[in-house]
Amino acid sequence: MTSEERHEARYLRRRAKREQKRKERCDAIGGIETALSYNELYKAGKKCCNGVRWKHSVQRFEAHLFSGTAVRSKQVAEGKYQFDKYVHFMLNERGKTRPIDAPRVQDRQVQKAYTKNVLLPLYRPGMIWNNGASLEGKGFEFSLNRLKEDLHRHYRKYGREGKVILIDFKQFFPSAPHSELYRRHEMYIANEQLRAFGDAVISSISGDIGMPLGVEPSQAEMIALPSPLDNYMKCQLSLKGFGHYMDDYYILVPPDRNAKHILEIFIEKATSLGLHISRSKTRIRPLTQYFKYCKAKFAITETGKVLVHGNRGAMKRDRHKIRSFYKKVMDGELGYEDLWTSTNGMLAYLDNYNDHNRVLKLRRLFYSLFKFSPEKIENFRERSLCR
């Protein structure tokens with residue numbers, strides 16, 4: 001047997017093993033009566049109410065949760081469930097305006113159960129470990145820590161030689177092709193009823209491209225969509241320092257590899273999935289200089305220490321917040337207990353980074369206005385009792 005035949009035989013064995021594991025995961029999920037049963041929908045409905053019980057629509061939904069869940073469970077099992085239109089509004093968050101399409105609370109109940117019991121159990125095993133967005137046990141801080149670990153590993157092997165590629169997608173959610181999502185459903189979801197329900201979630205979105213922000217299945221679909229690209233870069237190109245948080249990517253390139261060539265391969269593979277790279281936000285920087293990833297500033301010192309500084313704009317916003325807090329406390333609009341929560345929230349953000357001087361400046365500003373230290377909650381409680 002020639003080497004090519006051995007490679008082909010090994011590939012077929014691995015593919016058969018992957019298909020067997022995929023089948024076992026589908027069998028473990030069961031059918032639509034199990035994954036989207038009354039109990040699963042009821043638990044998802046209770047979670048949908050957390051944090052938004054002040055809304056009249058949510059109050060009505062929870063008041064009829066028992067009977068409403070029974071009706072929706074029967075409709076889902078019979079394949080007759082119909083999704084309502086999304087509620088479209090604009091949200092300005094951290095200086096950036098985003099279009100949000102929010103589903104009705106009834107639809108959110110069904111979609112939450114579908115995401116938790118079907119999409120994530122099937123999609124998550126195919127994702128790389130350094131994909132840290134919108135997953136339980138991971139998140140923003142997880143992604144930053146993974147980059148720090150990758151930088152430490154790179155330094156132990158190559159020092160500060162090499163480069164880092166910083167990549168951002170253009171219109172990541174609005175440009176997602178529905179055809180690719182349907183193809184993934186056919187590949188991963190073996191049960192026909194569950195696959196039809198998943199296709200119905202996609203078809204409820206108008207047009208042939210684009211996934212709405214603020215929808216739970218949309219989040220799961222989009223964090224899993226680049227998985228073929230991620231696995232190719234990690235496994236086929238053997239790039240160990242590779243990860244991303246949603247559509248923000250980093251690639252640590254060893255000194256003996258061509259960074260521009262790797263970037264072109266990445267763009268070609270991403271384009272084949274229907275994803276588009278923002279060339280204006282893509283950077284190739286040497287590791288001897290600082291670089292920004294997810295608005296955090298990274299730098300490797302000559303001794304190998306990785307310094308991470310938070311977003312500079314957060315410092316300016318925090319100063320404005322502390323001054324506004326002082327005015328609200330003096331006017332009686334804000335209590336000292338709430339002041340403790342708000343102040344230590346912003347200080348805790350900076351404590352996660354190498355921003356000791358920024359924290360000191362904010363504490364000095366707070367002391368100059370309120371005449372007491374923000375470090376101990378007892379200082380806030382004493383003044384709260386005196387009011």
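Of note:
- Restricting segment 96-112 to residues that are closer than 9 Å to A44 by Cβ and in contact with a Lys or Arg (Cβ under 8 Å, 6 or more places away or on another chain), the residue that is surrounded by the fewest Cβ atoms within 10 Å (Cβ to Cβ) is K112.
- Considered as a group, the residues in segment 329-387 that are open to solvent by 50 Å² or more (accessible area, probe 1.4 Å) and in contact with a strand residue (DSSP E or B) (Cβ under 9 Å, 6 or more places away or on another chain) include one that is nearest to K297 (Cα to Cα), and that residue is N354.
- In segment 245-266, the residues that are of a type in the set (A, V, I, L, M, F, W, C) and closer than 11 Å to D168 by Cα: M246
- Residue list for segment 71-84, filter: of a type in the set (G, A, S) and either open to solvent by 80 Å² or more (accessible area, probe 1.4 Å) or at pLDDT 95 or above (or both): none
- Test: residue in segment 56-68 that is among the hydrophobic types (A, V, I, L, M, F, W, C), outside any loop (DSSP other than H, G, I, E, B) and at pLDDT below 90: no
- Qualifying residue in segment 151-166 (condition: touching a Ser or Thr at 6+ places or on another chain (Cβ under 7 Å) and in contact (Cβ under 8 Å) with a residue 12 or more places away in the chain): yes
- Flag if G45 is in contact with a Leu (Cβ under 8 Å, 6 or more places away or on another chain), in a helix (DSSP H, G or I) and in contact (Cβ under 8 Å) with a residue 12 or more places away in the chain: yes
- Selection status of K23, within 26 Å of the chain's Cα centre (by Cα), in contact (Cβ under 8 Å) with a residue 60 or more places away in the chain and open to solvent by 80 Å² or more (accessible area, probe 1.4 Å): no
- Just one of (1) open to solvent by 20 Å² or more (accessible area, probe 1.4 Å); (2) aliphatic (A, V, I, L, M); (3) at pLDDT 90 or above fails for I251. It is (1).
- When M330, M246, M233 are checked against the criterion of being in contact with a Leu (Cβ under 8 Å, 6 or more places away or on another chain) and aliphatic (A, V, I, L, M), a single residue qualifies: M233.
- Single unsatisfied condition, R283 versus (1) in contact with a strand residue (DSSP E or B) (Cβ under 6 Å, 6 or more places away or on another chain); (2) buried (at least 18 other Cβ atoms within 10 Å of the Cβ); (3) among the basic types (K, R): (2)
Yes or no, residue by residue, for (1) outside any helix (DSSP H, G or I); (2) of a type in the set (V, I, T):
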{"residue": "E337", "(1), (2)": "no, no"}
{"residue": "L350", "(1), (2)": "no, no"}
{"residue": "V359", "(1), (2)": "no, yes"}
{"residue": "R364", "(1), (2)": "no, no"}
{"residue": "S373", "(1), (2)": "yes, no"}
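- Annotation: of all residues in segment 218-240 being of a type in the set (A, V, I, L, M, F, W, C) and either within 15 Å of P174 (Cα to Cα) or touching a residue at least 40 places away in the same chain (Cβ under 8 Å) (or both), the one that is surrounded by the most Cβ atoms within 10 Å (Cβ to Cβ) is I223.
- Complete set of residues in segment 113-158 that are more than 17 Å from L225 (Cα to Cα), in a loop (DSSP other than H, G, I, E, B) and open to solvent by less than 60 Å² (accessible area, probe 1.4 Å): K138, G139
- Between S57, S37, the distinction of being of a type outside the set (A, V, I, L, M), closer than 28 Å to G126 by Cβ and open to solvent by less than 100 Å² (accessible area, probe 1.4 Å) belongs to S37 only.
- Of the residues in segment 292-314, at least one is open to solvent by less than 30 Å² (accessible area, probe 1.4 Å), touching a residue at least 24 places away in the same chain (Cβ under 8 Å) and over 19 Å from R146 (Cβ atoms).
The values are calculated or read from the model by the stated rules, or taken from the named source; none is laboratory data. Everything numeric in this text was worked out from a predicted model, so none of it was measured. Please note: Cβ atoms are built from the backbone with ideal geometry, for glycine as well, and neighbour counts cover all protein chains shown. Accessible surface is based on the protein model in full, side chains and every heavy atom, while ligands, DNA and RNA are left aside. Shrake-Rupley method; radii C 1.70, N 1.55, O 1.52, S 1.80 Å.
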